[in-house]
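See below for the structure under consideration.
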Amino acid sequence: MKKVLLIDDMATILSQAKLIMQDRYELITCDDAKEALTLAGENHPDIILADMYLEGEGAYRLLESLRQQEELKDIPMLFTGCDVSVMALSKAFSLGVSDFVKKPFTENIVFKKIEEQLKLSEIGYKYGK
């Protein structure tokens, strides 16, 4: 079973994700970027989903930190968000984010995006800058 690390500071999003993902993935959750970095190092998830607006710039700092660590740099990371500007997405992609998933999650869309990124990762696609 693939491991998914989900970071979001909204309990309702974490609960919703658990309901739709628990049978398909080993889901690890937390609500802040600092804990996420620790969990990523300890658990080596197959993919990471993070709310773009964690602690202001927290998701961007998390992405930069992951991309700088040899053992974590190639983990696909998807940003999540409700209302995201083109500029915010542009910044995220320039830092090496893999894709974006709109919240609230729609089961078929989130699974499709996760599976696409997992397949790219399996064939050796690199996400660095």
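For Ala11 and Glu107, what does the FRET efficiency come to when R0 = 30 Å and r is the distance between their Cβ atoms, rounded to the nearest 0.05?
Working: r = 19 Å, r/R0 = 0.64.
Using R0 = 30 Å, I get an efficiency of 0.95.
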>> Quick check: from the Cα gyration tensor, does the chain come out rounded (a/c under 1.5), prolate or oblate?
In response: rounded
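For Glu26 and Glu42, compute 0.36 nm times the residue count separating them, minus their Cα-Cα distance, and round to one decimal in nm. Walk me through the numbers before you get to the answer.
On the way: separation 16, 0.36 × 16 = 5.76 nm, distance 1.42 nm.
Answer, rounded to one decimal: 4.3 nm.
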> Could you give me the ³J(HN,Hα) list for segment 62-71, computed from phi with Karplus coefficients 6.51, -1.76, 1.60 and θ = phi - 60°, whole Hz, x at Gly and Pro?
Replying inline: 4, 4, 4, 5, 5, 5, 8, 9, 3, 6
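Go ahead and estimate [θ] at 222 nm for the chain from helices alone: -39,500 (n - 2.57) per DSSP H run with n ≥ 4, summed, over the residue count, rounded to 500. Present the calculation step by step, with values, prior to reporting the outcome.
Details: 5 runs with 59 residues, N = 129.
Counting only the DSSP helices, I get -14000 deg cm²/dmol.
Based on the mean of other Cβ atoms within 10 Å per residue, sort peptides 105-118, 36-49 so the most packed one is first. Don't skip to the answer; put the middle values down first.
Values: 105-118: 15.8, 36-49: 18.8.
So the peptides 105-118, 36-49, ranked by packing, come out 36-49, 105-118.
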> Once phi is turned into ³J(HN,Hα) by the Karplus curve 6.51 cos²θ - 1.76 cosθ + 1.60 with θ = phi - 60°, what whole-Hz value does each residue of segment 42-49 show in order, with x for glycine and proline?
Replying inline: 7, 10, 6, x, 7, 7, 10, 10
> What FRET efficiency comes out for the pair Glu70/Ser90, r = Cβ-Cβ distance, R0 = 30 Å, nearest 0.05?
Replying inline: 0.65
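Where a number appears in this text, it was derived from the coordinates with a stated rule and is not lab data. Note that the coordinates shown come from a computational prediction; the quantities given were computed from them, not determined experimentally. Counting neighbours? That spans all protein chains shown, and the Cβs are built from the backbone with ideal geometry, glycine included.
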